[in-house]
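Please treat every number below as a calculation from the coordinates, not as lab data. The shown structure was predicted, so the numbers you read here are calculated from the model rather than taken from an experiment. In this analysis, Cβ positions are derived from the backbone assuming ideal geometry, glycine residues included, and neighbour counts consider all displayed protein chains.
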Amino acid sequence: MGAAGAPSSTGPDAKRSLRSGVRAARRAQDDGERAALDADLAAAALGPGSPLAALVAGSVVALYDSLPTEPGTRGLREELAARGVVVVLPVVVGPDAPLAWRVDDGADGGPHRADGIEDAAVVLLPALAVDGAGTRLGQGGGHYDRTLALLAPSGPARPLLAAVVGDPELLPAGALPREPHDVPVDAALTPSGWHDLR
């Protein structure tokens, strides 16, 4: 069990409790800790054995613009762009709608839109925690759940799905309750490296 803790029960109450604990631990980090973790995350994302390191120019990666208390993605976005990788960022278009996507052109809220993530080689998902069975704990809005449900369930057309979390937020298999709408992820990206969960 990591510093984030594991729920002692299952269902919505367990998820609420775990979300609260992870959010509190993330808020407790100071700016120096966050900066160091963000640099480690970018290095791990493109390090040996990383599927991102093998991508060629023109490949598509779906990423997100991290909030201050989330593992930072700014450095990774810049590194991918420098390699010629096309980064698409999510756009919330409605409370119960799947996410739309825009090409990350360096401008906030730029006008360029991508139709979706079907062409992405890798989708990096924000998460509060993920367990060894690939169960991802999101923020609770359901936007990613609705979006991932539109992808092919398996096969070569399906992108690699990886949750981005801190090392204490990678929990043992079975630590998170999985509900019918939860789409499991294939991997976790943490500041210490890539973790294959398949």
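Say we join alpha carbon atoms closer than 10 Å with springs in a Gaussian network model of the chain; which of ALA162, ALA54, ALA188 then has the biggest fluctuation?
Highest fluctuation of the listed residues: ALA54.
Once every DSSP H run of n ≥ 4 in the chain is given -39500 (n - 2.57) and the sum is divided by its residues, what mean residue ellipticity at 222 nm do you get, rounded to the nearest 500 deg cm²/dmol?
My calculation for the chain gives -7000 deg cm²/dmol from helical runs alone.
Pop out the ³J(HN,Hα) list for region 13-26 in order, Karplus 6.51 cos²θ - 1.76 cosθ + 1.60 with θ = phi - 60°, rounded to Hz; leave Gly and Pro as x.
Couplings: 5, 5, 5, 4, 5, 5, 4, 4, x, 5, 4, 5, 5, 5 Hz.
Evaluate E = 1/(1 + (r/R0)^6) for ARG16 and ALA157, where r is the Cβ-Cβ distance and R0 equals 30 Å; express this FRET efficiency to the nearest 0.05.
My answer for the efficiency is 0.30.
What does the net charge come to around VAL56 if you take all other residues with beta carbon closer than 14 Å to its beta carbon, with K and R at +1 and D and E at -1?
0
Among 30-36, 83-89, 96-102, 179-185, how do they line up by average Cβ neighbours within 10 Å per residue, starting with the highest?
The packing order, highest mean first, is 83-89, 96-102, 179-185, 30-36.
How far apart, in nanometres, would the label points at ALA81 and LEU67 be if each is projected 7 angstrom from Cα along the Cα-to-Cβ direction?
Using points 7 Å along Cα→Cβ, the separation is 2.3 nm.
Taking every pair of alpha-carbon atoms in the chain, what share in percent sits in each 5 Å bin, from 0 to the bin with the longest distance?
It works out to 1, 8, 16, 21, 22, 18, 10, 4, 1, 0, in whole percents.
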